[in-house]
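Where a number appears in this text, it was derived from the coordinates with a stated rule and is not lab data. Just so you know, these numbers come straight off a predicted model, no measurement behind them. With ideal geometry, Cβ positions are generated from the backbone for all residues, glycine too; neighbour counts draw on all protein chains shown.
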């Protein structure tokens with residue numbers, strides 16, 4: 001992935017991922033044996049494993065005239081959201 005035209009500066013990059021067995025509550029439910037009634041502990045376990053938090057958070061510095069480059073391995077049925085937020089000084 002490449003993003004051009006960014007102003008130079010420091011950025012926080014976050015990569016969110018959803019796909020097969022990644023933030024995939026249904027796959028985890030199936031691994032539990034598809035119980036008809038979930039216990040509170042099972043609900044907590046599913047919520048904790050599939051909370052939607054960023055898979056990657058990192059700090060990058062973009063130089064003037066340079067592009068942001070990041071390699072992301074994409075599997076079938078994966079969906080990514082990549083955010084870049086400028087860090088104000």
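Miscellaneous remarks
- Its relative contact order, with pairs defined as Cα atoms under 8 Å and 6+ residues apart, puts the chain at 58 percent.
- Spin-label model, residue 4/residue 56: points 7 Å from Cα along the beta carbon direction are separated by 2.1 nm.
- On Cα atoms only, tilt of 40-49 relative to the major axis of the chain in degrees: 20
- Virtual paramagnetic centre 7 Å along Cα→Cβ of residue 22, amide N under 11 Å, in the range 64-88: 72-81
- Of the peptides 67-78, 7-18, the order by per-residue mean of other Cβ atoms within 10 Å, starting with the highest, comes out as 7-18, 67-78.
- Cα-Cα separations in the chain greater than 17 Å, expressed as whole percent: 59
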